[in-house]
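Structure record follows, encoded as structure tokens.
The numbers here are math on the coordinates, done by the rules we state, and not lab data. Everything quoted here is computed from the prediction, not taken from an experiment. Here the Cβ positions follow ideal geometry from the backbone for every residue, glycine too, while neighbour counts run over all protein chains shown.
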2 protein chains.
Amino acid sequence: MLRADYPGQICSIAKALEVVGERWTLLIVRDVMNGNRRFGELQRSLRVARNVLSARLQRLVEEDILERRAYQSSPERYEYFLTEKGLDLWPALVALQAWGDRHSPEPDGPPMLIVHKECGGEIDDRGTCASCGKVLHARDARALPGPGLESALAELEAVGAR
Amino acid sequence: MLRADYPGQICSIAKALEVVGERWTLLIVRDVMNGNRRFGELQRSLRVARNVLSARLQRLVEEDILERRAYQSSPERYEYFLTEKGLDLWPALVALQAWGDRHSPEPDGPPMLIVHKECGGEIDDRGTCASCGKVLHARDARALPGPGLESALAELEAVGAR
DNA sequence: CGACTCGGTTGCTTGATGCAACCTTGTGTG
DNA sequence: CACACAAGGTTGCATCAAGCAACCGAGTCG
């Protein structure tokens, strides 16, 4: 994205995208949700350019979506945690993932599953548990490797993308 | 966005964002959902550069999210309609809008409301109707100007963005 | 005949992204 | 002690996409 803003747009979707619509941003949020909290972890997981990751993390902290906490000093090292505002992005991520799964499916099924921590049920595109019917939030759910992960990884190998 | 792809990512969110994560793309989809179907309408509504709009529309048609139909010939003029795949983006848009409304609110309330066509009830961040409780889909809902629109427009005037 | 509409395309400039190299503080190893 | 390595970045440079204005072709209106 060039500039991240959409001048003249009076729309909460546009306002949301000004913040989380930049390239990589939502993937960073998802990664932090899945437990990758450190710069290096995120960089290896996403293969994003380090300067871009750095810029995005700074922006996300400014916007109060992430919180930067030192987990040791000398040398100072940091971890990034989601704030409530960040956790509230969960329904949007769930909806996007469901859309991707439905309309560009992997041959062997979804590569990632989101399940209800309590009962293990899968989650639908609205973030409700398919087995117990509860409307869930970010803290109620957990991501797991899905049935399509293996074959997707194998295909990546074959293409040489490692 | 530079390239829209996220190489090495095995994740349905990444796959979804490869298509709809480019700048302007989701706003175009939202605009078409709200009834702006023609090139000129979209351009005026979004104030997006014409070449970019052209490129996005082409991509969205290729990806089977929009369908391009002639509404007259000589000269041929076209309209864009959402396919089922495009309509399925509705929950993601709803979630993003809800997030924007909650975390960057306009002083007088949301500028746009999404309501259930049947009963007029407002819609929550999961796309369920707050008044009748039904889980809705794109065709069940309609966007309306909300209470915060006036003041947001006034502020835009003041800034001179027209 | 000229002005205008619609739906684009073309060319140019600006600026974000990707990549590699480097930096700083500190720890582990020979 | 020297050297390598880790974490968490920053800097410089090349490239590619976005923003903008101008133009175009087919047709319509006055």
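Residue count for the range B:129-139 under the criterion of being within 11 Å of chain A (Cβ to nearest Cβ) and in contact (Cβ under 8 Å) with a residue 12 or more places away in the chain: the result is 2.
How many of the residues in the range B:122-139 are touching a strand residue (DSSP E or B) at 6+ places or on another chain (Cβ under 8 Å) and surrounded by fewer than 17 Cβ atoms within 10 Å (Cβ to Cβ)? Talk me through it step by step, then tell me what you get.
Here is the first cut: in the range B:122-139, the residues touching a strand residue (DSSP E or B) at 6+ places or on another chain (Cβ under 8 Å) are B:122-123, B:126-132, B:134-136, B:138.
Of the ones still in play, those that are also surrounded by fewer than 17 Cβ atoms within 10 Å (Cβ to Cβ) are B:122, B:130-132, B:134-135.
Matching residues across the range B:122-139 total 6.
Evaluating residue B:84 against the criteria (1) under 25 Å from residue B:38 (Cβ atoms); (2) more than 10 Å from chain A (Cβ to nearest Cβ); (3) free of Cβ contacts under 8 Å to residues at least 12 places away in the same chain leaves one unmet condition, (2).
For the range B:11-50, which positions are aliphatic (A, V, I, L, M) and surrounded by fewer than 16 Cβ atoms within 10 Å (Cβ to Cβ)?
B:49
Being closer than 23 Å to residue B:138 by Cα, within 14 Å of chain A (Cβ to nearest Cβ), more than 14 Å from DNA strand D (Cβ to nearest atom) and surrounded by 16 or more Cβ atoms within 10 Å (Cβ to Cβ): is that true of residue B:60 here? Taking the combined requirement at face value, the residue does not satisfy it. So which residues in the range B:31-50 are in contact with a helix residue (DSSP H, G or I) (Cβ under 6 Å, 6 or more places away or on another chain) and more than 16 Å from DNA strand D (Cβ to nearest atom)? Hit for the range B:31-50 is B:36, nothing else.
Looking only at the range B:109-128, residues that are of a type outside the set (S, T, N, Q) and within 12 Å of chain A (Cβ to nearest Cβ) come to 11 in all. When residue B:53 is tested against (1) within 15 Å of DNA strand D (Cβ to nearest atom); (2) exposed (fewer than 13 other Cβ atoms within 10 Å of the Cβ); (3) farther than 27 Å from residue A:107 by Cα, just one condition goes unmet, and that condition is (2).
Can you work out which of the residues in the range B:95-121 that are of a type in the set (A, V, I, L, M) and free of Cβ contacts under 8 Å to residues at least 40 places away in the same chain is surrounded by the most Cβ atoms within 10 Å (Cβ to Cβ)?
As a first pass, look at the range B:95-121 and keep what is of a type in the set (A, V, I, L, M): B:95-96, B:98, B:112-115.
Narrowing the set further to residues that are free of Cβ contacts under 8 Å to residues at least 40 places away in the same chain leaves B:95, B:98, B:112-115.
Numbers: B:95: 28, B:98: 23, B:112: 21, B:113: 19, B:114: 23, B:115: 20.
The extreme case among them is B:95.
Screening the range A:27-57 for residues that are out of contact with any Gly (no Cβ under 6 Å at 6 or more places or on another chain), over 21 Å from residue A:87 (Cα atoms) and near DNA strand C (Cβ under 9 Å from one of its atoms) and picking the one that is farthest from the other protein chains (Cβ to nearest Cβ) gives A:50. Return yes or no: is residue B:79 surrounded by 14 or more Cβ atoms within 10 Å (Cβ to Cβ) and within 16 Å of DNA strand D (Cβ to nearest atom)? So residue B:79 fits the description; yes.
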